[in-house]
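To start, the structure itself, in structure tokens.
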Amino acid sequence: MSERLQAASGAGRGPDADDVLSVSNLSTRFFTEEGQINAVESVSFDIRDNEILGIVGESGSGKSVTSLSLIDLVESPGRITEGEVWYRSPDLADEFRSNDAVSVDGDHVDLRTVPPRVRRSLRGPSFSTIFQDPMSSFNPSITVGEQIAEAVEVQRRATANPRSTRSRTQGYGLGQYLLDGIIPGRGYTSEESMDRAIELLEQVGIPDPADRVDEYPGQFSGGMLQRAMIAQALAGEPDVLIADEPTTALDVTIQAQILNLLREVQEERGMSIILITHDLGVIAEMCDRVCVMYAGEIVERGTLNAVFDDPVHPYTEGLLGSIPDLEDPKPRLQPIAGNVPGLLDSEMDDRCYFADRCPNAMESCLEKPDEIVVDAATEHGAKCVLAERPYDPDEALPADYFGGDSE
Amino acid sequence: MVSARVIRNLKKEFRNSALAKIGLVLVISIILVATFAPFVATHDPTAQQLDQSQLPPVGFSETAERTSSQMVDGEIQTVTETVEIEPDPDHVFGTDSLGRDMFSRIVYGARTSLAVGVLGTLLAAAVGVPVGLLAGYHRGTVDDALMRVADVSLAFPSLVLAVALIGLWGRAAVDIPDPFVVAGLAPEMPESFVLPITVVIVVGLVNWVWFARVARGEALSLRGQEYVKASRALGASDNAIILRHVLPNAITPIIVLGTVQVAAIILLESSLSFLGFSGTTLSWGFDIAQGRDYVSSGQWWISSIPGFAIMLSVIGINLLGDWLRDALDPGIEGEGGAA
Amino acid sequence: MSFGRFVLKRSLQGLGVVWGVVTVVFALRFVTPGSPINAVAPLDASPETRQAIATELGLDQPLYIQYGQYLFKLLQGDMGFSYIRGQEVVGLVFGRLPATVELALAASIVAIALSIPLGVLSATRRNEPIDYGATLLSLGGISTPNFWLGIMLILVFAVEFNVFNTSGRGVDVGDVALSLVGSEPFFGTLLAWLAYITLPAIALGTYFMALITRLTRSGMLDELSKGYVQAARAKGLPQTLIRYKHALRNTLIPVITVLGLQLGTLIGGAVITEAVFSWPGLGTLVIESINRRDWPVLQGSLIVIGTSFVLVNVLVDTVYAYLDPQVVND
């Protein structure tokens, strides 16, 4: 298993057979007027069959950009500058095996090397996404049913054609759209896809789905709309479901229902979920394995128990220390001092990015740490010198080393 | 309220936008030209020199057919001859059919356009803003009445209403002595500036409703704000609240609208003078109208040049308006009628 | 509220505005210098004519009776009599209306057909040459006086190249329709019609083309940055549907509101465009009647113009409610 950890931390080995998706050394940068922002910094991880992988971090840690990078939805001025995204698809692998420009490894294809239209064709049928705010993720002037039917139609049209021509037939041009608009009874969506939308709404627990398909997003409550978004994501029958803060915008009572629903659909359909959240409670509830992100990097990873019970990185410890514990409410909450760094390339020193906030910062933290295996059995690794040796007060950096009260 | 943040936004937007810079340069040039017209103009714009009529602009020569009457053997005969007309460097933009210098007419036309544009806008704002603020603040009957009046008012196109009112009231103008000429600094220029006062009043009355709409919208949203409620709870009078709290916070969108309105009123004024509904003959629209008859006979410049003047001024003001809107973002894009 | 009830409610509101329009026009006779008789009588009218007018207007009656009679006559389709032309106003005004409607429609079609694709292209290819071109074009378009543009078009296309007619309306759209079934050659009639209408339609339509391009561009940029567009991309929806079915539809909703408000500008623009091209529509009728002090015709024209504005706005709101069914519930 230690090889696996090595692979996942970017030691250059190819993906394993049970990896649905294997990401290696992925970097995404934003080229803004203020300068270059390193939103995602050489991130590697993999998602296996039937698991829920959690990615946790504060806002601004790069976790959402990581998810957008996976489905190639980073928008200008952002760009994926480096990395490989290996996706397991025997069809695609066969299609591109003889193509020198595309990297193929067994059943896996590096999506960074396939043509953009192929990547685009994977959205929906291969990767679906649930976004944080359901209200803004639905078009307010189109009925909920119609929008879910669109997702169904994407899937229907994709599977109706052989793999090799899929990307071509997905093209739906302006001429086609205008023609469908003029001829009555035609349109992108069909009656069948609308029926399927009703089924999906029923599956995610929306009462009277046949009536509600004709309603507009504004007529739904937040929780119902998030269910509808899950229905929309399931429409594509994806291999991987990316849930980006799926419960953050919801009331606490609704949150648990949505999480239960996610778990149910994961178990029923045997798909894999990447759950992105800042909420450690959600991670503890849901995930098999977890990656902790800080300043665009994965700073600690491992099985849920390994990371939660035995955190190595002081940042993970800090995160865990800043949530209230109902069973033991006595100790005061320990907030992490300071703020998440701005990720401006020009302001990022070549050191452990957490050192300026770290209570245990040492002189060796002024060098960039590699990921160190803590426990191969639990795939536990951390980008921290403390994984190798205990804290030594003699080597501690002076308290005002980073200019005292660091911003 | 013009806070430090607003000024910072204005500066930032200005630095980033080449168009804003062009707009500011255009507008400042027009203001300078209009103000110092007697020094910029090379001739008296109203002086006719029939022997120098229809001269083309510098850089163009024209062949034209000239008819003249001559006494031949005691009879009057009409002779038509084709002549080559060379431009005169003294008249850079050429001359019109009565031999008036086009460049000087353009310079003085800027005065008319700008005066009507600014005064008309101020009048429209002076009527529209108080009405809109009161209606939006008090709501109820006053507000309903205002909205109905606004609906009816919008049903008449500005140009049609303006033409009808000027047709009814006549084309009055007032002579305002030109201080530079009175002081003897530019003795050969016209002694007074003719302000078409009916036009100013009519465009003001026709366009007040845009200001009323915007002011009402702002007052409506501001009246619910906590600090307004607090002032009311403290016993401040409604008028005091409107003056001290509502107006200052509503001023930004009103300024943006005002900029757009100056451009719209300049276009409206030029339309009115083109149709002959103005009290002055020193106007770009008037010159376009008088040049129109010469378009088919080859004297293209009499109509063309004033049009470019209008276009440049309106582009300048619109760019300025875009800059203000982008920097202040009051969300009133697209409102404010033109001619 | 159902769609039908919304349309009904909006129509009743429109009727209220028309009543206001009519009342304002009635009130115009009191802002006429001198007696209201002057607002009707020709300058050289005989005392008998003046007396007849005074009786017709009911000037010897109390104001509310005058007003009541005026409304009553209007309802019967009586807009008064033009003593200067010796004609009923109704016939004159409605005789001129089709020409103006034809011009305004042609201009709107030219404007909408060009501006929406241009605005979309400009927004989807932001900071590319086509975006800069569209931005400059639309800036010029909203800043150019349409009557001057008309004269320049005449100068270039009619005087220099001699390809279009510069005045009048020799062939109307009805003739083109008739030629489809009649003996006239269709294409010949169509070309003749185009020769008359092209330049006025461009002169009148340019401002709107520019305005809609600007609104579409900024609206599209706004919509394309919204969450639902990202969500639509993530679910694999084809680009065409994201742009046109989702983003453009939401862009057009506010654009339609602004266009409704700007309709007065279109009619005002038609007045002056007609003056440039001697187009025999309501605009030239308005100018003629003011110049000849023919007030009954002016009043009749104002009523028809105001009513058309209201009518089109009700139609616009209906389209709006169709595009965004939620406004029905507001």
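Selection of region C:267-292 for residues being in contact (Cβ under 8 Å) with a residue 24 or more places away in the chain, of a type in the set (A, V, I, L, M, F, W, C) and either within 8 Å of chain B (Cβ to nearest Cβ) or not in a helix (DSSP H, G or I) (or both) yields C:ILE267, C:ILE272, C:ALA275, C:VAL276, C:TRP279. For region A:67-105, a residue qualifies if it is within 18 Å of A:ILE274 (Cα to Cα) and within 14 Å of another protein chain (Cβ to nearest Cβ), and the qualifying residues are A:SER67, A:LEU68, A:SER69, A:LEU70, A:ILE71, A:ASP72, A:LEU73, A:VAL74. Selection over region C:100-142 of residues that are without any contact (Cβ under 8 Å) to a residue 12 or more places away in the chain and among the small types (Gly, Ala, Ser) gives a count of 2.
Taking the conditions (1) outside the structural domain of C:LEU311 (by TED's automatic domain parsing); (2) within 22 Å of the chain's Cα centre (by Cα) in turn, C:ALA54 satisfies each one other than (2). Selection of region A:246-265 for residues being touching a Ser or Thr at 6+ places or on another chain (Cβ under 8 Å) and in a helix (DSSP H, G or I) yields A:ILE254, A:GLN255, A:ILE258, A:LEU259.
Quick grid of which residues meet (1) touching a Lys or Arg at 6+ places or on another chain (Cβ under 7 Å); (2) farther than 23 Å from C:ASN291 by Cα; (3) more than 14 Å from chain B (Cβ to nearest Cβ):
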{"residue": "C:PHE6", "(1), (2), (3)": "no, yes, yes"}
{"residue": "C:LEU15", "(1), (2), (3)": "no, yes, no"}
{"residue": "C:THR23", "(1), (2), (3)": "no, yes, no"}
{"residue": "C:PHE26", "(1), (2), (3)": "no, no, no"}
{"residue": "C:ASP44", "(1), (2), (3)": "no, no, yes"}
{"residue": "C:GLN51", "(1), (2), (3)": "no, yes, yes"}
{"residue": "C:TYR64", "(1), (2), (3)": "no, yes, yes"}
{"residue": "C:GLN69", "(1), (2), (3)": "no, yes, yes"}
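Scanning region C:293-323 for residues that are in contact with a Lys or Arg (Cβ under 7 Å, 6 or more places away or on another chain) and within 8 Å of another protein chain (Cβ to nearest Cβ) yields one hit, C:LEU323. Within region A:230-254, the set of residues being surrounded by 17 or more Cβ atoms within 10 Å (Cβ to Cβ) and more than 22 Å from A:GLU202 (Cβ to Cβ) comprises A:ASP239, A:VAL240, A:ILE242, A:ASP244, A:GLU245, A:ALA249.
If you go through region C:75-91 and keep only what is touching a residue at least 24 places away in the same chain (Cβ under 8 Å) and out of contact with any helix residue (DSSP H, G or I) (no Cβ under 6 Å at 6 or more places or on another chain), you end up with C:PHE81, C:TYR83, C:ILE84, C:ARG85, C:VAL90. Between B:ILE201, B:ILE197, the distinction of being touching a helix residue (DSSP H, G or I) at 6+ places or on another chain (Cβ under 8 Å) and closer than 23 Å to B:ILE317 by Cα belongs to B:ILE201 only. Of the helices (runs of 4 or more DSSP H) contained entirely in region B:85-178, those carrying at least 1 residues that are charged (D, E, K, R), more than 28 Å from B:ILE317 (Cβ to Cβ) and within 14 Å of chain C (Cβ to nearest Cβ) fall at B:140-155. Among residues of region A:363-375 that are closer than 18 Å to A:PRO390 by Cβ, those with a beta-carbon under 9 Å from a residue that is among the hydroxyl-bearing types (Ser, Thr, Tyr) at least six positions away or on a different chain give the pairs A:VAL373/A:SER2; A:VAL373/A:SER9.
Listed here are the residues, each with its yes/no results for (1) more than 23 Å from C:VAL316 (Cα to Cα); (2) free of Cβ contacts under 8 Å to residues at least 60 places away in the same chain; (3) out of contact with any Lys or Arg (no Cβ under 7 Å at 6 or more places or on another chain); (4) within 7 Å of chain A (Cβ to nearest Cβ).
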residue	(1), (2), (3), (4)
C:GLU223	no, yes, yes, no
C:VAL229	yes, yes, yes, no
C:LYS235	yes, yes, no, yes
C:THR240	yes, yes, yes, yes
C:VAL258	no, yes, yes, no
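Among all residues of region A:230-244, there is at least one that is within 30 Å of A:GLU347 (Cα to Cα) and modelled with pLDDT of 90 or more.
Here the helices (runs of 4 or more DSSP H) wholly within region B:225-307 that include at least 3 residues being of a type outside the set (Asp, Glu) and more than 13 Å from chain C (Cβ to nearest Cβ) are B:226-233, B:238-241, B:247-274.
Across region B:175-197, the qualifying residues are those that are acidic (Asp, Glu) and more than 22 Å from B:GLU269 (Cβ to Cβ), and the one among them that is nearest to the chain's Cα centre (by Cα) is B:GLU191. With respect to (1) more than 7 Å from chain C (Cβ to nearest Cβ); (2) among the small types (Gly, Ala, Ser); (3) in contact with a strand residue (DSSP E or B) (Cβ under 6 Å, 6 or more places away or on another chain), the lone exception for A:SER128 is condition (1). Here B:GLU226 clears all of (1) at pLDDT below 85; (2) within 25 Å of B:VAL27 (Cα to Cα) except the condition numbered (2).
The values are calculated or read from the model by the stated rules, or taken from the named source; none is laboratory data. Just so it is clear, the model here is predicted, and its values are computed rather than measured. Heads up, the Cβs are rebuilt from the backbone with ideal geometry, glycines too, and the neighbour counts pull from every protein chain shown.
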